[in-house]
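**Student:** Sending over a structure as structure tokens; questions will come in a sec.
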Amino acid sequence: EVHDNPIHHRDILATVLTSLGLDLHAMIQDVSGRPMTLLPGTAQPVEKLLASAR
């Protein structure tokens, strides 16, 4: 199953953050005060996991 449907760790984290109700693309500040997003733009929640939690 893992070979058939690999999931990147960024997508797992995106799934967790989405299930907590956080906006993945919200701008935050790093320790230097520079704007950044919580995750890279390529991170997407795994819909299969979100659907099973609903």
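**Student:** If I filter the chain down to residues being part of a loop (DSSP other than H, G, I, E, B) and among the basic types (Lys, Arg), which single residue comes out as farthest from the chain's Cα centre (by Cα)? Even if it seems obvious, please write down each step before you answer.
**Tutor:** Initially, the chain is screened for residues part of a loop (DSSP other than H, G, I, E, B), giving 1-8, 20-26, 30-34, 38-46, 54.
From the residues that got through so far, the ones that are among the basic types (Lys, Arg) too are 34, 54.
Values: ARG34: 20, ARG54: 17 Å.
Looking at residues that are part of a loop (DSSP other than H, G, I, E, B) and among the basic types (Lys, Arg), I get ARG34.
**Student:** Within segment 22-54, take every residue that is touching a residue at least 12 places away in the same chain (Cβ under 8 Å) and polar (S, T, N, Q) and give me the one that is surrounded by the most Cβ atoms within 10 Å (Cβ to Cβ).
**Tutor:** GLN44
**Student:** Say we look at segment 3-34 and pick out the residues that are of a type in the set (D, E, K, R) and over 25 Å from SER52 (Cα atoms); which of these is modelled with the lowest pLDDT?
**Tutor:** Going through segment 3-34, the residues of a type in the set (D, E, K, R) turn out to be 4, 10-11, 23, 30, 34.
Now restrict to residues that are over 25 Å from SER52 (Cα atoms): 30, 34.
Numbers: ASP30: 94, ARG34: 97.
Going through the qualifying residues, I end up with ASP30.
**Student:** Restricting attention to segment 27-51, which residues are touching a Pro at 6+ places or on another chain (Cβ under 7 Å) and among the polar types (S, T, N, Q)?
**Tutor:** At the first step, the residues of segment 27-51 found to be touching a Pro at 6+ places or on another chain (Cβ under 7 Å) are 27, 29.
Result: GLN29, single match.
**Student:** May I pose another question? Can you say whether ALA14 is of a type in the set (Gly, Ala, Ser) and touching a residue at least 24 places away in the same chain (Cβ under 8 Å), as far as the supplied structure shows? Quick ask: steps written out before the conclusion?
**Tutor:** Numbers: of a type in the set (Gly, Ala, Ser): yes; touching a residue at least 24 places away in the same chain (Cβ under 8 Å): yes.
In short, yes.
**Student:** Looking at the structure I just gave you, is LEU17 surrounded by 10 or more Cβ atoms within 10 Å (Cβ to Cβ) and either touching a strand residue (DSSP E or B) at 6+ places or on another chain (Cβ under 7 Å) or of a type in the set (Ser, Thr, Tyr) (or both)? Walk me through it before giving the result.
**Tutor:** On the way: surrounded by 10 or more Cβ atoms within 10 Å (Cβ to Cβ): yes; either touching a strand residue (DSSP E or B) at 6+ places or on another chain (Cβ under 7 Å) or of a type in the set (Ser, Thr, Tyr) (or both): no.
Here the answer is no, as LEU17 does not meet what is asked.
The values are calculated or read from the model by the stated rules, or taken from the named source; none is laboratory data. Predicted model, so just to flag it, every value in this text is computed and none were measured. Cβ sites come from the backbone with ideal geometry, for glycine too, and all protein chains shown count toward neighbours.
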